[in-house]
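Below: one structure, written as structure tokens.
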Amino acid sequence: SFTPSDDNFFVLRIDHQFSLQDSMFVRYTLDEAKSINGGTTYLFPSKRDSRQQFLTFMETHIFGLSAINSFRFGYTRPTEKNHNLPQIEIPRNLFFNPDAPDFGQINVPRISVFGYFGGPNAAVFNSYQFSDNVVLQRGAHTIKFGTEIHRYHTDSFTNSNTGGVWSFNSLESFLRAPNGTEEKTTTLAKSDPGKPPFKVFWRQTLLGFYVNDSYR
């Protein structure tokens, strides 16, 4: 499908040579995008805002002809937000959940979905990466060793089924509503109107170590 998007991209890099033995660089990248998703029907599009940031720092020190050490730090922060943008105003007294942020959803077989399943939603991810690598030259041996430490923070906020979903088994049951519910040909699923967004918080740590010996 055709999804128009606006994108802003920015990169900044700084290199510096402290001495013959010490050098470093810093790079920062920013990527922002906004897009409109038409959804299953034109009347119920959604807007997606994303922002991605990347920061990298690396310092290299030469101890001599036989020893080099490099330290690296990286930071990554992508975020995403989704908002509903209804093109028509539905009276709140018709909402399945009067306190919901948007009208719920009506599902009828072979007919486009009417309304929203949920929203707004948001996700934030933070990643911290540390690494240190050493290269030693000892005669015919080239020894490499180092470590990697990653820390991940993931926060997710989801409003699913806040407006309720009324599903019909056939077009006939939809046209006969609300009598269709008495015949058990439809189902109405609603969440608690006062229920807060579903939140998920992940915290993970990755540790890695390596040693390599190359002999010539």
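The values are calculated or read from the model by the stated rules, or taken from the named source; none is laboratory data. Bear in mind that the values here come from a model prediction, so they are computed numbers and not experimental data. All Cβ positions, glycine included, derive from the backbone under ideal geometry; neighbour counts span all protein chains shown. Protein only, heavy atoms only, side chains kept; ligands, DNA and RNA dropped before computing areas. Shrake-Rupley method; radii C 1.70, N 1.55, O 1.52, S 1.80 Å.
Determine the share of the range 4-69's accessible area contributed by carbon and sulfur atoms, expressed in whole percent, with a 1.4 angstrom probe.
It is 60 percent, rounded to a whole number.
Given a Förster distance of 30 Å, report the FRET efficiency between residue 49 and residue 132 from their Cβ-Cβ distance, rounded to the nearest 0.05.
Values: r = 36 Å, r/R0 = 1.21.
Calculated value: 0.25.
Roughly how many Å² is the accessible area per residue of the range 1-127, as a whole number, for a 1.4 Å probe?
63
Ranked from highest to lowest mean number of other Cβ atoms within 10 Å per residue, what is the order of the peptides 200-211, 130-141?
Final packing ranking: 130-141, 200-211.
Name all residues of the range 98-128 having a backbone nitrogen under 20 Å from the label point set 7 Å from the Cα of residue 32 along its Cα→Cβ direction, giving them as ranges.
Counting only backbone N, you get 121-126.
Using only alpha carbon pairs under 8 Å that are at least six residues apart, calculate the relative contact order of the chain and give it in whole percent. Walk me through the numbers on the way to the answer.
Numbers: 540 pairs, mean separation 35.8, N = 216.
For the chain, the relative contact order is 17 percent.
Å³ per residue of the Cα convex hull, for the range 1-110?
185
Relative contact order of the range 1-58, please, whole-number percent, based on alpha carbon pairs below 8 angstrom and at least 6 residues apart.
34
All other residues with a Cβ under 14 Å from the Cβ of residue 202 taken together, and with Lys, Arg as +1 and Asp, Glu as -1, what is their net charge? Before the final figure, lay out each step's value.
Details: positive: 151, 199, 203; negative: 155.
Surrounding charge for residue 202 is +2.
Can you compute the modelled spin-label distance between residue 151 and residue 87, with each label point 7 Å from Cα toward Cβ, in nm?
Taking the two extended label points, one gets 4.7 nm.
Express the C-alpha Rg of the range 46-182 as a ratio against the empirical globular expectation 2.2 N^0.38 Å, rounded to two decimals.
1.94
Tell me the label-point distance for the pair residue 25, residue 123, using the 7 Å Cα-to-Cβ offset, in nm and rounded to one decimal.
3.0
Can you tell me which of 94-102, 35-43 comes out highest on packing, and rank the rest after it, using the mean Cβ neighbours within 10 Å? Don't skip to the end; give the middle numbers.
Values: 94-102: 16.6, 35-43: 13.8.
So the peptides 94-102, 35-43, ranked by packing, come out 94-102, 35-43.
I need the P(r) histogram for the range 40-79: all alpha carbon pairs, bin width 10 Å from 0 out to the longest distance, whole percents.
Answer for the range 40-79: a P(r) of 20, 23, 19, 16, 10, 7, 4 percent.
What number, rounded to the nearest 500 deg cm²/dmol, is the helix-based mean residue ellipticity at 222 nm of the chain, given -39500 (n - 2.57) per DSSP H run of at least four residues and division by all its residues? Before the final figure, lay out the partial values.
On the way: 2 runs with 9 residues, N = 216.
Computed mean residue ellipticity for the chain: -500 deg cm²/dmol.
Give the accessible area for residue 172 in Å² (nearest 10); use a 1.4 Å probe, count only protein heavy atoms, and leave out ligands, DNA and RNA.
Ignoring ligands and nucleic acids, residue 172 comes out at about 110 Å².
With each pseudo-label sitting 7 Å past Cα toward Cβ, what's the residue 40-residue 176 distance in nm, one decimal?
In this crude spin-label approximation the distance works out to 2.3 nm.
FRET efficiency for residue 75 and residue 212, Cβ-Cβ distance as r, R0 = 30 Å, nearest 0.05?
It comes to 0.65.
Of 112, 129, 94, which is farthest towards the positive pole of the range 65-131's charge dipole, taken about the Cα centre with +1 and -1 on the beta-carbons of Lys, Arg and Asp, Glu respectively?
Projecting each Cα onto the dipole axis, the largest value belongs to 129.
Quick check: net charge around residue 22, other residues with Cβ under 14 Å of its Cβ, Lys/Arg +1 and Asp/Glu -1?
Combined, the nearby Lys, Arg, Asp and Glu give -2.
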